[in-house]
Amino acid sequence: NSETFWTTTGMFPQEFIIGFPKCVKISKVVIQCYLVRTLRIERSVSKDPVGFEQCIEKDLQHTEGQFQMEEFPLPEFQATYLRFIIKSAFDHFVSVHRVMAEGT
């Protein structure tokens with residue numbers, strides 16, 4: 001729903017976890033956010049959201065007054081959970097509006 005979003009509480013790092021019903025192969029992750037400076041994506045293949053390993057970390061471009069749309073092409077890997085860690089931001093509060101994972 002484009003009318004809803006997740007927002008931080010003002011201190012960093014902040015994180016959220018997305019879980020899949022089973023282990024899946026992911027080839028690309030796309031995130032739509034606002035005012036995120038540094039983002040790290042980690043994965044877990046466990047039945048529970050533990051044992052995460054880093055997949056990618058990136059500094060995002062500042063887009064004044066506009067959403068940031070970042071695409072992360074990843075080598076095909078398996079994941080049951082994806083953890084998104086916002087390490088720093090361009091402001092005290094940031095928002096995440098959409099996360100899409102492509103794969104099988």
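The values are calculated or read from the model by the stated rules, or taken from the named source; none is laboratory data. This structure is a prediction, so every number in the text was calculated from the model and none was measured. All Cβ positions, glycine included, derive from the backbone under ideal geometry; neighbour counts span all protein chains shown. Ligands, DNA and RNA are excluded from the accessible area calculation, which covers all protein heavy atoms including side chains. Shrake-Rupley method; radii C 1.70, N 1.55, O 1.52, S 1.80 Å.
Of note:
- Qualifying positions in segment 1-42 - open to solvent by 60 Å² or more (accessible area, probe 1.4 Å), assigned to a strand (DSSP E or B) and among the aliphatic types (A, V, I, L, M): Ile17
- So Val45, is it surrounded by 13 or more Cβ atoms within 10 Å (Cβ to Cβ) and under 12 Å from the mean Cα position of the chain (by Cα): no
- Contacts under 8 angstrom Cβ, first residue in segment 6-35 being hydroxyl-bearing (Ser, Thr, Tyr), partner open to solvent by 50 Å² or more (accessible area, probe 1.4 Å) and part of a strand (DSSP E or B), 6 or more apart: Ser27/Pro73; Ser27/Pro75; Ser27/Glu76; Ser27/Glu102; Ser27/Gly103
- Positions within segment 48-96 being of a type in the set (Gly, Ala, Ser) and within 14 Å of the chain's Cα centre (by Cα), in sequence order: Ala79, Ser88, Ala89, Ser95
- For beta carbons closer than 6 Å, sequence separation of 6+ or different chains, a first residue in segment 85-98 that is closer than 19 Å to Gln54 by Cβ and open to solvent by 60 Å² or more (accessible area, probe 1.4 Å) and a second that is in a strand (DSSP E or B) and of a type in the set (Ser, Thr, Tyr), the qualifying pairs are Lys87/Thr38.
- Residue check, Glu102 closer than 24 Å to Asn1 by Cα, at pLDDT below 95 and outside any loop (DSSP other than H, G, I, E, B): yes
- Restricting segment 49-66 to residues that are of a type outside the set (S, T, N, Q) and farther than 18 Å from Ile85 by Cα, the residue that is least open to solvent (accessible area, probe 1.4 Å) is Gly65.
- Among residues of segment 40-61, those that are within 18 Å of Val24 (Cβ to Cβ) and free of Cβ contacts under 8 Å to residues at least 12 places away in the same chain, counted: 4
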